[in-house]
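The values are calculated or read from the model by the stated rules, or taken from the named source; none is laboratory data. Quick caveat, the model's predicted, so the values are computed rather than measured. Reconstructed Cβ throughout: ideal geometry from the backbone, glycine too, with neighbour counts over all protein chains shown.
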Amino acid sequence: MKQRKEELILSAETIDRLSRLLAETLTEAGTDSRDVLRIRLSLEEILEVWLKKLEGAAVLYKTVQKFGRLSIEVCVEGMEINADDEAEEFLLSNRLLAQAGLSLIYTYKNGKNCLSCNPQKRFSMGQVAQLVTAVILAAVLGAGARFVPQEGQAAALVVTQPIFNVILGGLRAVSSPLIFLAVCCGIVSIGDLTVVGKIGKKLIIKMIAGIFLLGVVVAFLSCLLFLPVMEKGNAVSGNFTEIYQMVLGIVPSDIVSPFQNGNALQIVFLGICVGTALLILGERVSAVQNFVMQLNEVVRFLMSALGRVVPLFVFLSIFDLLLSDFGSGFLSLLKVFAIAIPGCFLVTLFYVFLAAARLSVNPFLLARKMLPTFLIALTTASSAAALTTNLDTCEKKLGIPKKVADFAIPLGQVLYKPGFVVGLFAVALCMAEYYGVPITPQFLVMAVLTLGLLSMATPPIPGGTLSVFTVMFAQLGIPAGAVALSVAANAILDFFMTAAGLACLQVQVMLAAESVGMLDKDQLHTQ
């Protein structure tokens, strides 16, 4: 892609010119058309605010290739523009979208207000196509290798297993700081909750409570599905003592050991504490906030780079599995699908009928209004791709005010993933059964805590789910070999988990808006 550089003077006409330049560059880079539209609108909104205070200032638009990665930057000379009351809502939304890798990033440097964007490089095949290709190649080559003499199979494993271990080691090294920074920066990015008033606090509480309540329900149902392999453990008092100690163990004794041991609960706890402290202190620690945000970008970039070798990781895992006992492994995958996919649909239906009952609306009418967002998520496995339709549905069909939807939907797509909880539980239980890890009451309690926190801390970037599997299995005592099987399963499950999550999110936002008297019920009941 050719590099561009234009110097302009800030005016209304310049904003139109910059908007077209950005759209052209993003399109050439292969960015999804919905993302192009969203980022373009974000740029126009922010530049309109800057125009009021910096009209006539020098503007620089440039694109740069850094190690093969495109970087787009728009800079306007002048004083630093702090978000005022007029602009706070959409700046808050953009900060949340930036955490999901979906929007523009704001910085002030060298006397210039700068907006930057780093679109993903175009690949000849999508991530799903790459994973499917990896699985097919591994199946063909692995099945063929079983007819090779034992010496040949051993020689193949000597080559493949070290590569697998190197990739797994890289994932372990990056996953713990990635989870910590995702939680910490997610809290900082919320900004001042007084901006959105009481509905923001109510919505966040509902989301967190809903995630853990769903985890408890899934754990209870798991007792029925996995009853033959459930272990009773010790006496009830002994179980309670261990569970009690487990909960208290969330608080680490030092800062370093959670990262050394890969203790997911302690890592998330530290992320919450640091993020909350930075949020409360605000401008007094702005330098620390910027450092943490920049460090988060570095770690996210490293994980994105590792995410590009996920197909190789899956190939090596399945290839090695086929040279050993592969029958039970694929049976476990089928069991994951049999539990998680119906579970996602059941959770979605439950939320739809819950909203219908609470809001006195026809459930079929409600389902019809929510269907477009659900279908986009189901066919793309991307909450980003469904964002525009999601916001439009909330504002024009479900009666949710625009200022509520603009805040709640981006926040919820990062924080609230009930479909992910269902999918992670199915994976954790089936992998524990496959590897002979005891499924005890303590295991289920740990799973509820771990998966609930990880579902909210999952970085929405390529390789983000892979990092969660790495941390999750370490926390639950499941061998690391389960990661590759789980990634292969996730390539399919992600479609259903994303669709279920967005449908449940729409319901939560509707109920939160209704609880504070902000829901337009007439619009909701309109055919």
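One table, with the values for the structure above:
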quantity	calculated
Any hit, segment 421-428, residues being among the aromatic types (Phe, Trp, Tyr), modelled with pLDDT of 80 or more and more than 22 Å from the chain's Cα centre (by Cα)	no
Qualifying positions in segment 293-308 - surrounded by fewer than 18 Cβ atoms within 10 Å (Cβ to Cβ) and at pLDDT below 85	294, 297, 298, 301, 302, 305, 308
Residue that is of a type in the set (Lys, Arg), surrounded by fewer than 18 Cβ atoms within 10 Å (Cβ to Cβ) and either under 17 Å from residue 107 (Cβ atoms) or assigned by TED's automatic domain parsing to the domain that holds residue 410 (or both), where the choices are 62, 53	62
Test: residue in segment 164-181 that is at pLDDT below 70, closer than 30 Å to residue 406 by Cα and not hydrophobic (A, V, I, L, M, F, W, C)	no
Strands (runs of 3 or more DSSP E) completely within segment 16-135 that count 1 or more residues being at pLDDT 85 or above, farther than 27 Å from residue 493 by Cα and of a type in the set (D, E, K, R)	58-66, 69-77, 112-117
Residue within segment 455-466 that is at pLDDT 85 or above and assigned to a helix (DSSP H, G or I) present	no
Selection count, segment 381-407, where residues are part of a helix (DSSP H, G or I) and more than 30 Å from residue 486 (Cβ to Cβ)	13
Residue within segment 355-367 that is modelled with pLDDT under 85 and surrounded by fewer than 24 Cβ atoms within 10 Å (Cβ to Cβ) present	no
Pairs where the first residue, in segment 415-432, is assigned by TED's automatic domain parsing to the domain that holds residue 212 and assigned to a helix (DSSP H, G or I) and the second is hydroxyl-bearing (Ser, Thr, Tyr) and surrounded by 24 or more Cβ atoms within 10 Å (Cβ to Cβ), C-beta under 7 Å, 6+ apart	419/498; 420/455; 421/455; 424/455; 427/486; 431/486
Any hit, segment 272-279, residues being free of Cβ contacts under 8 Å to residues at least 12 places away in the same chain, polar (S, T, N, Q) and in the same structural domain as residue 482 (by TED's automatic domain parsing)	no
Qualifying residue in segment 481-488 (condition: surrounded by fewer than 20 Cβ atoms within 10 Å (Cβ to Cβ) and more than 15 Å from the chain's Cα centre (by Cα))	yes
Of all residues in segment 326-354 being more than 30 Å from residue 135 (Cα to Cα) and surrounded by 18 or more Cβ atoms within 10 Å (Cβ to Cβ), the one that is farthest from the chain's Cα centre (by Cα)	352
